[in-house]
Amino acid sequence: MARTFVAASFAALLLVSPSLAGSDSPQGLWVLDDHSTVVEIMQCANHLCGRIVGVAGASRKGAFAPDGRRIAAGESRRSLCGSVVFDGFRQGRGEQFVGGRFFNPEDGRFYDATATVESPDTIRVRGYVGVELFGRTRYLHRWGTPEGRLEASDECRPSLAEK
């Protein structure tokens with residue numbers, strides 16, 4: 001799930017980029033590579049940000065909300081809906097966005113992150129502490145593509161589960 005947020009945050013940065021405007025714009029809805037979360041990427045002031053707009057049903061693992069609340073294993077993750085999970089991404093070189101941070105619901109922490117638009121439908125997000133070399137990579141897939149499907153029913157926006 002944390003990887004999903006990282007990927008979503010990177011995707012958001014790419015969507016706001018003037019060089020990516022048009023049909024290939026990253027703004028919109030993105031699904032984390034484990035199909036658990038849908039993140040809406042948008043422009044916020046002079047940077048990209050993203051919030052959770054869809055979650056699959058209850059998880060077998062516990063989680064944390066950005067406000068510090070604990071979500072027990074098996075409990076609905078609906079309380080994550082609307083949470084800002086990435087923020088501060090600004091365009092770097094080419095297709096990369098830097099200077100952002102993402103929230104990892106698995107441990108309740110925010111991490112530094114970069115995002116790279118690999119294709120119109122895929123964003124690679126790299127989250128790390130201190131040195132990017134030792135970070136973790138996750139992918140975001142555009143909503144509605146074969147990889148961009150939500151697993152199980154959606155608890156934020158029922159209409160997302162219908163696609």
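The values are calculated or read from the model by the stated rules, or taken from the named source; none is laboratory data. None of these values were measured; they are calculated from a predicted model. Every residue, glycine as well, gets a Cβ built from its backbone with ideal geometry; the counts of neighbours run over all protein chains shown.
Counting only residues that are more than 13 Å from the chain's Cα centre (by Cα) and either assigned to a loop (DSSP other than H, G, I, E, B) or surrounded by 19 or more Cβ atoms within 10 Å (Cβ to Cβ) (or both), the range 118-142 holds 6 of them.
Restricted to the range 85-100, and to residues there that are of a type outside the set (Val, Ile, Thr) and in contact with a Gly (Cβ under 6 Å, 6 or more places away or on another chain), the residue that is nearest to Trp30 (Cα to Cα) is Phe86. For the range 41-65, the set of residues classified as touching a helix residue (DSSP H, G or I) at 6+ places or on another chain (Cβ under 8 Å) and surrounded by 16 or more Cβ atoms within 10 Å (Cβ to Cβ) consists of Ile41, His47, Leu48, Cys49, Gly50, Ile52, Val53, Gly54, Val55, Ala63, Ala65, listed by residue number.
Residues in the range 43-99 that are out of contact with any His (no Cβ under 9 Å at 6 or more places or on another chain) and of a type in the set (Asp, Glu): Asp67, Glu75, Glu95.
Being surrounded by 24 or more Cβ atoms within 10 Å (Cβ to Cβ) and either in a strand (DSSP E or B) or hydrophobic (A, V, I, L, M, F, W, C) (or both) is the filter here, so list the residues in the range 81-113 that pass it. Don't jump to the end; show me each part of the working.
Applying the first criterion (surrounded by 24 or more Cβ atoms within 10 Å (Cβ to Cβ)) to the range 81-113 yields 85-86, 89, 97, 100, 102-103, 105, 113.
Passing the criteria: Val85, Phe86, Phe89, Phe97, Gly100, Phe102, Phe103, Ala113.
Residues in the range 72-92 that are in contact with a Lys or Arg (Cβ under 6 Å, 6 or more places away or on another chain), modelled with pLDDT under 85 and either closer than 17 Å to Phe110 by Cβ or among the acidic types (Asp, Glu) (or both): there are none.
Results for (1) of a type outside the set (Val, Ile, Thr); (2) within 15 Å of the chain's Cα centre (by Cα); (3) farther than 18 Å from Gly127 by Cα, shown as yes or no for each residue.
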residue: Lys61; (1), (2), (3): yes, no, yes
residue: Ile71; (1), (2), (3): no, no, yes
residue: Ser76; (1), (2), (3): yes, no, yes
residue: Phe89; (1), (2), (3): yes, yes, no
residue: Gly99; (1), (2), (3): yes, no, no
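Selection of the range 67-80 for residues being within 24 Å of Leu29 (Cβ to Cβ), touching a residue at least 40 places away in the same chain (Cβ under 8 Å) and surrounded by fewer than 18 Cβ atoms within 10 Å (Cβ to Cβ) yields Ser76, Arg78. As a summary of the residue check, Tyr111 satisfies the conditions (1) over 26 Å from Lys61 (Cα atoms); (2) at pLDDT 90 or above except for the one numbered (1).
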